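*Asks:* Quick one: structure below, then a few questions.
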Amino acid sequence: CKNSFFNKTSALKGPREEIVYVPCIYRNTGIEKPDFLATVDVDPGSPRYCQVIHRLPMPNLKDELHHSGWNACSSCFGDATKRRNYLILPSLISSRIYVVDVGTDSRAPRIHKTVEPVELFWKGNVANPHTSHCLGSGDILISCLGDPSGNGKGGFILLDGETFEVKGNWENGGKVPPLGYDFWYQPRHNVLISTEWGAPKALAGGFNPADVERGLYGRRINVWDWSSHTYVQAIDLGKGSVPLEIRFLHSPDAAEGFVACGLSSEVHRFYKTERGDWAAEKVIEVPSKKVQGWLLPDMPGLITDILISLDDRFLFFSNWLHGDIRQYDISDRRRPRLVGQVFLGGSIVAGGAVTVLEDKELQSQPEPFVIQGKRVPGAPQMIQLSLDGKRLYVTTSLYSGWDKQFYPDLIKEGSVMLQIDVDTERGGLKANKNFLVDFGKEPDGPVLAHEIRYPGGDCTSDIWM
């Protein structure tokens, strides 16, 4: 698998997205229906624009679909034997992995294979699969949050790229981090770096601040030797940081990237040092707000998703509690510059239960976000950028157990998908008032929509070699 730079350049000029795939979750909503994969029409010229055009229900209840990945790499561009025709769909809570055929009919996906949890338990002693990335070898690598008992464990499982059988663990040497979550790899620098959310038994039902004190939430990014699959270094980002999504720059030569810390609401730049090991430095901090009428006296932004535009010029992230999405110019990697911001709901909107007593950024509490007559519950969470960088898609559900705790209206009304217009010249974000997918109107009742994927790859699934 090679010829990657050409592929990255062509991806920037790739066709406009016409449909997207979005996992929709019923767990914790009180509706006894299986989660499903929605196909959403995002073509402005289509008569079904902003509509769910297909629903693929899973065969089980309470899976908690979450993130997804592909069976074949963008680095396999030009390899006629490889097709990106299967979507890998791990379930965060049930530990099942669904392999979905999107190649036969991209607008009506179908289930190709189900990998049962017992396969992960027996062959890898891991559970709670999260991020999947395809490898140049043709196999699929999936990070996990824990062991079969619900304890934290930052291990990986490897799927055969043809049969989708569980081959066993990716890691060697027996040494693994105490917690797991997301990961990204960069073969040219012989490195994989993983992050830490929390122990599954701690986060499954909701967030308890005392669990941070107990060490059940993450604070490290973990460095692995890519060729030997061994765990070689931990970089401590501080107690209560909870490093979530991690992104290398898209250039396959880059020896740096950014990681978003949820609870500390910081973005750290990580980089390779002259010695050849890895280090990190804080480059963005979202100040907490002093509040009344909320779980704690200080409300963090809670940075939950982060991405980098394909040209490596802009970084975007969502503050799920404060309710805004931000765009930073990262031309100077060490000094990101805020160039765009838009509020789309959140916990501090005017007229809500929370009163902001002290705010280092805003003069007043933002107004609720209303689009097409609907007041949006919840706040921006998962984000995905168009290949040309001009359209940012947003969904509002984080994870059903936390949605229920922090945004009960989201459970009752369902989440939404929105689209933000991006100024790619000077920077700037503006909600597209013509775009609304209301998952509160689903036939089986309101549902929680999570991560967004385009057929053929996007800014958060593509790793070039």
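Values in this text are rule-based calculations from the coordinates and carry no lab data. Please read all numbers here as calculations on a predicted model, not as lab measurements. Please note: Cβ atoms are built from the backbone with ideal geometry, for glycine as well, and neighbour counts cover all protein chains shown.
*Asks:* Taking 45 Å as R0, compute the FRET efficiency from the Cβ-Cβ separation of LYS123 and ASP421 and round it to 0.05.
*Replies:* 0.45
*Asks:* If you consider only alpha-carbon coordinates, what radius of gyration and Dmax does the chain have, in Å?
*Replies:* For the chain, the Cα-based Rg and Dmax read 20.3, 60 Å.
*Asks:* Using the basic label-point model (7 angstrom from Cα toward the beta carbon), what is the TYR271 to ARG188 distance in nanometres?
*Replies:* 1.7 nm
*Asks:* Right, another one. Would you mind calculating the gained length between ARG83 and GLN372 on full extension (0.36 nm times residue separation, minus the Cα-Cα distance), in nm to one decimal?
*Replies:* Values: separation 289, 0.36 × 289 = 104.04 nm, distance 3.92 nm.
Additional length available on full extension: 100.1 nm.
*Asks:* Can you tell me, using C-alpha contacts under 8 Å and at least 6 residues apart, the relative contact order of the chain as a whole percent?
*Replies:* Averaging sequence separation for qualifying contacts and normalising by length gives 13 percent for the chain.
*Asks:* Give me the extension gain from LYS290 to SER149: residue separation times 0.36 nm, minus the current Cα-Cα distance, reported in nm with one decimal.
*Replies:* Working: separation 141, 0.36 × 141 = 50.76 nm, distance 3.74 nm.
Separation in residues times 0.36 nm, less the Cα-Cα distance, equals 47.0 nm.
*Asks:* Given +1 on the Cβ of Lys and Arg, -1 on the Cβ of Asp and Glu, and no further charges, what dipole in debye does the chain carry about its Cα centre, rounded to the nearest 20?
*Replies:* Details: 51 positive and 57 negative charges, 36 e Å.
It comes to approximately 180 debye.
*Asks:* Leaving out same-chain residues fewer than 8 places away, which lysines sit with a Cα under 25 Å from that of LYS289?
*Replies:* Counting by Cα, and skipping residues close in sequence, LYS289 has these lysines nearby: LYS239, LYS360, LYS404, LYS430.
*Asks:* If one computes the Cα centroid of segment 230-286 and of segment 137-156, what distance in Å separates the two points?
*Replies:* 20 Å
*Asks:* Output the peptides 261-267, 184-190 sorted from most to least packed, where packing is the average of other Cβ atoms within 10 Å over each peptide's residues.
*Replies:* Ranked from most to least packed, the peptides come out as 261-267, 184-190.
*Asks:* How far apart, in nm, are the 7 Å Cα→Cβ label points at ASP160 and ALA234?
*Replies:* Modelled inter-label distance: 3.6 nm.
*Asks:* With runs of 4+ DSSP H residues as the only contributors, calculate the mean residue ellipticity of the chain at 222 nm using -39,500 (n - 2.57) per run, divided by the residue total and rounded to the nearest 500.
*Replies:* After summing the helix terms and dividing by the residues of the chain, the value is -2000 deg cm²/dmol.
*Asks:* On full extension of the chain, what length is gained from ARG335 through GLU116, given 0.36 nm per residue of separation minus the C-alpha to C-alpha distance?
*Replies:* Gain on extension, ARG335 to GLU116, equals 74.3 nm.
*Asks:* Each label point is 7 Å from the Cα along the Cα-to-Cβ direction; what then is the distance between the points at LYS390 and ASP139, in nm?
*Replies:* About 4.2 nm separates the two model spin labels.
*Asks:* Once R0 is set to 35 Å, what does the formula 1/(1 + (r/R0)^6) return for the Cβ-Cβ distance between SER46 and ALA350, expressed as a FRET efficiency to the nearest 0.05?
*Replies:* Efficiency at R0 = 35 Å is approximately 0.45.
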